[in-house]
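A quick write-up on the structure given underneath.
Where a number appears in this text, it was derived from the coordinates with a stated rule and is not lab data. The model shown is predicted, which means the values in this text are computed figures rather than measured ones. Cβ coordinates were reconstructed from backbone atoms using ideal geometry, including for glycine residues, and neighbour counts include every protein chain displayed.
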Amino acid sequence: MKVLVTGGAGFLGSHLCERMLDDGHTVVCVDNLSTGHEDNLRGVADHPRFHFEKLDICHPFDCGAVDYIFHFASPASPIDYTRLGLETLDAGSLGTRNCLELALRHRARFLLASTSECYGDPEVHPQPEEYWGHVNPIGLRSVYDESKRFAEALTMAYHRYRGLDTRIVRIFNTYGPRLQLDDGRVISNFLRQALLGEDLTVYGSGNHTRSFCYVTDLIEGIVRLAASGEHLPTNLGNPKEFTVLECAQLVLAVTGSASELVFEELPKDDPRQRCPDISKARRLLDWEPKIGLRTGLELCLGHFRQRLAEAGLLQP
Ligand code: UDP
């Protein structure tokens with residue numbers, strides 16, 4: 001296949017490009033590099049079946065015929081999407097529409113990278129796909145949450161009204177090599193802080209929870225969903241739930257760091273708990289994550305050390 005990955009220079013997009021090349025496909029990667037980095041494409045840039053174009057999907061574009069479009073372009077970390085609020089809304093609306101039109105033109109299949117943020121601060125736990133969510137439509141996170149909810153609505157509309165062959169994946173917290181050091185996410189912050197010997201910043205009491213999926217597990221799920229015939233949203237994530245405090249302690253154990261924990265104010269609208277119900281993915285895709293948090297953190301360490309050394313913050 002020839003596949004198009006939007007947001008291919010981002011964290012998840014770059015892992016997906018790599019996997020698609022490994023599976024024998026030709027990959028066209030587009031990214032406006034607003035939050036993605038060409039650094040993430042180091043491993044694939046010279047691959048004969050890989051092509052990169054710097055462009056903004058919010059303006060109509062066409063890189064030629066493709067068989068599958070994986071639409072991953074959007075700011076995605078709380079720091080990025082609150083800094084780039086309007087751009088985030090545009091990526092989910094205008095950008096998604098342009099990608100769906102492109103899929104129609106080339107009769108390509110289409111997969112939307114959506115998010116557990118569609119569930120907001122959930123009142124149902126764990127969250128199954130049937131849950132409609134508890135989202136503040138005007139809160140700080142709304143630029144991301146509503147952008148992705150609208151992108152889901154658009155995707156379903158192209159499926160229902162235009163007959164487009166679509167998929168929607170709701171991605172829960174994912175981590176791995178190539179997370180940006182400064183994206184403000186909990187795993188990137190804790191690993192960076194622990195390796196630099198700085199205090200680990202726990203927001204609130206640290207008793208709120210997240211569930212963390214290692215990136216290669218997630219990509220495997222996406223590949224399986226892409227090959228399936230399922231049009232309705234499907235959760236992918238690791239159902240093992242950790243408090244933020246447990247996560248901090250695990251990072252200290254894995255890094256052997258003597259850093260201390262400091263408690264800071266919990267950001268507004270920060271969901272209290274989040275955990276995917278992955279029964280559907282288990283049943284439909286015969287998929288479940290294999291890599292636990294401790295092993296996953298160990299697998300990330302090399303990457304974080306290297307990037308900190310390149311930034312001159314850590315001795316190589
Ligand atoms: N968090 C924290 N310290 C940090 C960064 C994040 O305690 O340095 C918390 C944050 O408040 C949230 C959880 O960790 O409750 C996960 O945050 P992240 O930004 O990684 O993802 P999201 O909130 O989008 O799930």
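Which of TYR131, TYR144 has the fewest other C-beta atoms within 10 Å, and how do the rest follow up to the most?
The most exposed by this proxy come first: TYR131, TYR144.
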* Per the Kirkwood treatment, what hydrodynamic radius in Å, one decimal, follows for the chain from the mean inverse distance over all distinct Cα pairs? -> 19.7
* **Over segment 203-316: Kirkwood hydrodynamic radius from C-alpha pairwise inverse distances, Å** => 16.3
* Find which of THR201, ALA103, TYR131 sits farthest along the positive direction of the dipole of the chain, computed with +1 on the beta-carbon of Lys and Arg, -1 on that of Asp and Glu, about the Cα centre. => ALA103
* To do: Report Rg/Rh for segment 120-170, rounded to two decimals, where Rg is the Cα radius of gyration and Rh the Kirkwood radius.
  => 1.03
* To do: Starting from the alpha-carbon convex hull of segment 216-278, give the projected area averaged over all orientations, in nm².
  => 6.4
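Per Stokes-Einstein, at 10 °C and 1.306 mPa s, what whole-number D in µm² s⁻¹ belongs to segment 54-167, with the Kirkwood radius over Cα pairs as the hydrodynamic radius?
Rounded, D is 109 µm²/s.
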* Taking the Cβ of each residue in CYS99, CYS247 as the centre, tally the other Cβ atoms inside 10 Å and list the residues starting with the fewest. => CYS247, CYS99
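Could you sort 189-199, 221-231 so that the peptide with the highest average Cβ count within 10 Å comes first and the rest follow in order? Display every interim value, and only then the final one.
Numbers: 189-199: 19.8, 221-231: 17.2.
Ranked from most to least packed, the peptides come out as 189-199, 221-231.
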* Asked: Using bins 10 angstrom wide from zero, how does P(r) for segment 111-216 break down, in % of all Cα pairs?
  -> 12, 35, 35, 14, 4, 0
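Translational diffusion coefficient, Stokes-Einstein: compute it for segment 149-200 using the Kirkwood radius over C-alpha pairs as Rh, at 20 °C and 1.002 mPa s, and state it as an integer in µm² s⁻¹. Can you show the working numbers first?
Details: Rh = 13.9 Å.
Estimated via Stokes-Einstein, D reaches 154 µm²/s.
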* Asked: For the chain, with only Lys/Arg (+1) and Asp/Glu (-1) charged at the beta-carbon, what is the dipole magnitude about the Cα centre, in debye rounded to 20?
  -> 760
